[in-house]
Amino acid sequence: MNETKTFSFCLVDLDNFKAYSDRYGYSKGSDILKWLGDLLQKITIDYGAPDDFLGHIGGDDFVMICSPEEYRRSAARS
């Protein structure tokens, strides 16, 4: 059965991350990415729906796919 469902595609990108990582080093940059990933995961778990998706595209880019209603609720918390 084909079903049409609306969803929100949220791209999270850190501004000036490369400059930060170049200045403070790979380890500090990695710490920032880990912190951001953990924060986004907590927001998704605490305020999202069970079928929401959170992924790390690579580098400083993350993606969240959820319903438009969940996006509004999650964005208000970040």
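Here are the numbers:
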| item | result |
| --- | --- |
| Count of residues meeting criterion [over 25 Å from S67 (Cα atoms) and over 19 Å from the mean Cα position of the chain (by Cα)] in segment 1-19 | 1 |
| Cβ-Cβ under 7 Å pairs, at least 6 apart or on other chains, segment 37-56 side in contact (Cβ under 8 Å) with a residue 24 or more places away in the chain, far side open to solvent by 30 Å² or more (accessible area, probe 1.4 Å) and assigned to a loop (DSSP other than H, G, I, E, B) | I43/S78 |
| Helices (runs of 4 or more DSSP H) wholly inside the chain containing at least 2 residues that are open to solvent by less than 100 Å² (accessible area, probe 1.4 Å), of a type in the set (S, T, N, Q) and at pLDDT 95 or above | 26-47 |
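The values are calculated or read from the model by the stated rules, or taken from the named source; none is laboratory data. Computed from a prediction, not measured in an experiment: that's the story for all the values here. Cβ: placed from backbone, ideal geometry, glycine included. Neighbour counts: every protein chain shown. With ligands, DNA and RNA removed, areas are computed over all heavy atoms of the protein, side chains included. Shrake-Rupley method; radii C 1.70, N 1.55, O 1.52, S 1.80 Å.
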